[in-house]
């Protein structure tokens, strides 16, 4: 026993372990006990060198044992690890780098730990560098410390040795200098090495040109319920009386493992009433532990402009068309294209297939909590207002201040309430205002003159008087309203806004264009979006009695290129025409790598033929690599994915178009194959359920497939 204890001490000190074959039999027995799992395969006829080699392997394995604590309840981890493993298996001989990106708390580190545990024994050395972000920033010579740790963990020495096959995980990287210091060159690693990088900033993965990337998503509904229940009640499903409240909490977490774990643990052992109180509180104030973790991404944003864009979206512009948001935010001098791209790279924002801004509910709550903390007890001193109770308190209590920049009124409680325009008089810096369903009374001159965006859906007024002067407005949305027009034309000028536009979304989707004149104003009631040029020509010819008075025209989102020529032909004295061009107008060949206007629709034009070629499988990673290789453009994984979706839409048409053509496809089948039976089943609301096809003599062998039914 004493000898065995000595061996263990030498192992942990890293000293030499001597093996003596000619000692007495009792020592031999002790060795057999210590290495019993080796000796079960041992016989006295085997070479001593092989026996020693086996002992060395066991000792090295013991020294390199680094099993990571993954999670108490690793729900849904197995198939994610399996998919990540397939990305790492790209090549046996090459160095493979894989990035895992996603929002904070989505499980990037958990996945990396599970992957590490599964494969680290396959490598000569391995190292899991946890929390690189804080290690590098909070400690003196933090990066140097991490480099030394990396060398020692992989090689068990501080001197570098080439050609080692190693496994390295760099967890929570947030700056390029960290990547350059720890994995800046693939030549540092031996063939077959694997490097896994977890980050919240997808753009960083482009810097090291990762071979594959894994976008970490939240848990599905069943997985989320199981994870929450394990933490809240030590059962895979909620107790019967807790089911409804549990559903509300799971819905609130939106699949974020961090939130499910924190909330479940905090509710363990509490009564049903305490659970309900927690749900109500979460509607107003996020959990501190969740907030702290998510806020790391906000704090890492590069400047105040990007932070302001994030707060505007989380408090007001979530769900708005991206191009419209860019126009609005650019009018606020926020450099919106670059800022939105920054948020996309950091997984704080996504853009759906309809080009609308999408933000995870907990990320939105994090942004709103940041604003609430600006003045917890006095809502009127916060930069942005969005809770109906706070807005009611500020407007009805006359507690507004010049601090307020954004206000979103979108609640049924204001539907039948009349608000005085004087309530807005003190908000001198108000930029964005949404007042859906609100009935305003009083003089409109009280509205702040710095407004850039006004959304007033379901406006109850038919007319607005001429004292509605909004010189800096760039977007006005009064759709679904009774509004018919202005009693005198609305004057808008945009000298300070290069991307400015005059656009009112009318009840029937038409566009209002306002012509500013020197002596008076004249408005054009509406313009058909699909025939703008023709309508402009008709108006200029028939409706404008004195065209020579028109000095300035601001026309927005023109799909025609000869507007200026047309207007000048009708009015030789016209001295300025400003058109709002598309988000991108130059060829992709001239786009630099930092050109933020390389939109997914632009990229779509350049991959369209590749997507048409059915022999090739086009992936987002392929698009990212292709744009970088051919044109020097660095785009995100999400942008590559959206470009592919746009291409499929161009090639195949929309789902609605294909569905409308579906009966004709089935008719063609019957024409080409007599005896074929087809049937489309719909529900009571005429929505598609499934179709059935029965093909006569489908298989000549006689073992025919009688029918095919597809959901």
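Residue 357 satisfies every condition listed in (1) at pLDDT below 90; (2) surrounded by 15 or more Cβ atoms within 10 Å (Cβ to Cβ); (3) closer than 26 Å to residue 637 by Cβ except (1). Return yes or no: is residue 313 closer than 18 Å to residue 451 by Cα, buried (at least 21 other Cβ atoms within 10 Å of the Cβ), modelled with pLDDT of 90 or more and not assigned by TED's automatic domain parsing to the domain that holds residue 109? The answer is yes for residue 313. Selection over the range 423-440 of residues that are under 16 Å from residue 411 (Cβ atoms) and outside any strand (DSSP E or B) gives a count of 4. Restricting attention to the range 329-347, does a residue exist that is at pLDDT 85 or above, under 25 Å from residue 283 (Cβ atoms) and within 28 Å of the chain's Cα centre (by Cα)? Scanning the range 329-347 turns up at least one residue that is at pLDDT 85 or above, under 25 Å from residue 283 (Cβ atoms) and within 28 Å of the chain's Cα centre (by Cα).
Counting only helices (runs of 4 or more DSSP H) that fall entirely inside the range 287-355 and contain at least 3 residues that are touching a strand residue (DSSP E or B) at 6+ places or on another chain (Cβ under 7 Å), the qualifying elements are 322-331. In the range 402-418, of all residues being farther than 25 Å from residue 331 by Cβ and in contact with a helix residue (DSSP H, G or I) (Cβ under 7 Å, 6 or more places away or on another chain), the one that is surrounded by the most Cβ atoms within 10 Å (Cβ to Cβ) corresponds to 411. Filtering 395, 385 for residues that are in contact with a strand residue (DSSP E or B) (Cβ under 8 Å, 6 or more places away or on another chain), modelled with pLDDT under 90 and buried (at least 17 other Cβ atoms within 10 Å of the Cβ) leaves a single hit, 395.
Screening residue 237 with (1) free of Cβ contacts under 8 Å to residues at least 60 places away in the same chain; (2) in a helix (DSSP H, G or I); (3) over 28 Å from residue 134 (Cβ atoms) gives one miss only, at (2). Taken over the range 88-142, the residue count meeting the criterion of being surrounded by fewer than 23 Cβ atoms within 10 Å (Cβ to Cβ), in a loop (DSSP other than H, G, I, E, B) and either in contact (Cβ under 8 Å) with a residue 60 or more places away in the chain or in contact with a helix residue (DSSP H, G or I) (Cβ under 9 Å, 6 or more places away or on another chain) (or both) is 11. On the basis of being part of a helix (DSSP H, G or I) and without any contact (Cβ under 8 Å) to a residue 24 or more places away in the chain, does residue 248 make the cut? So residue 248 fails the test. Applying the criterion of being in a helix (DSSP H, G or I) and over 27 Å from residue 345 (Cα atoms) to the residues of the range 151-177, the residue that is modelled with the highest pLDDT is 151.
Scanning the range 52-85 for residues that are touching a strand residue (DSSP E or B) at 6+ places or on another chain (Cβ under 9 Å) and modelled with pLDDT of 90 or more yields a total of 3. Of the residues 217, 267, 263, 258, which is out of contact with any helix residue (DSSP H, G or I) (no Cβ under 8 Å at 6 or more places or on another chain) and either buried (at least 19 other Cβ atoms within 10 Å of the Cβ) or in contact (Cβ under 8 Å) with a residue 40 or more places away in the chain (or both)? 217 is the lone residue from the list that is out of contact with any helix residue (DSSP H, G or I) (no Cβ under 8 Å at 6 or more places or on another chain) and either buried (at least 19 other Cβ atoms within 10 Å of the Cβ) or in contact (Cβ under 8 Å) with a residue 40 or more places away in the chain (or both).
For the range 601-652, what are the residues that are in contact (Cβ under 8 Å) with a residue 60 or more places away in the chain and touching a strand residue (DSSP E or B) at 6+ places or on another chain (Cβ under 9 Å)? If the condition is that a residue be in contact (Cβ under 8 Å) with a residue 60 or more places away in the chain and touching a strand residue (DSSP E or B) at 6+ places or on another chain (Cβ under 9 Å), then 621, 624, 637, 638, 639, 642 are the ones that fit. Looking for something farther than 23 Å from residue 348 by Cα, at pLDDT 75 or above and more than 22 Å from the chain's Cα centre (by Cα) - is there at least one such residue anywhere in the range 638-648? No: zero hits. Would you say residue 676 is surrounded by 15 or more Cβ atoms within 10 Å (Cβ to Cβ), out of contact with any helix residue (DSSP H, G or I) (no Cβ under 7 Å at 6 or more places or on another chain) and modelled with pLDDT of 65 or more? No, not satisfied.
The criterion of being modelled with pLDDT under 80, at positive phi and out of contact with any helix residue (DSSP H, G or I) (no Cβ under 7 Å at 6 or more places or on another chain) does not hold for residue 630. Scanning the range 146-168 finds one or more residues that are without any contact (Cβ under 8 Å) to a residue 24 or more places away in the chain and in contact with a strand residue (DSSP E or B) (Cβ under 8 Å, 6 or more places away or on another chain).
The values are calculated or read from the model by the stated rules, or taken from the named source; none is laboratory data. As the structure is a computational prediction, the values presented were derived from the model and not from experiment. Every residue, glycine as well, gets a Cβ built from its backbone with ideal geometry; the counts of neighbours run over all protein chains shown.
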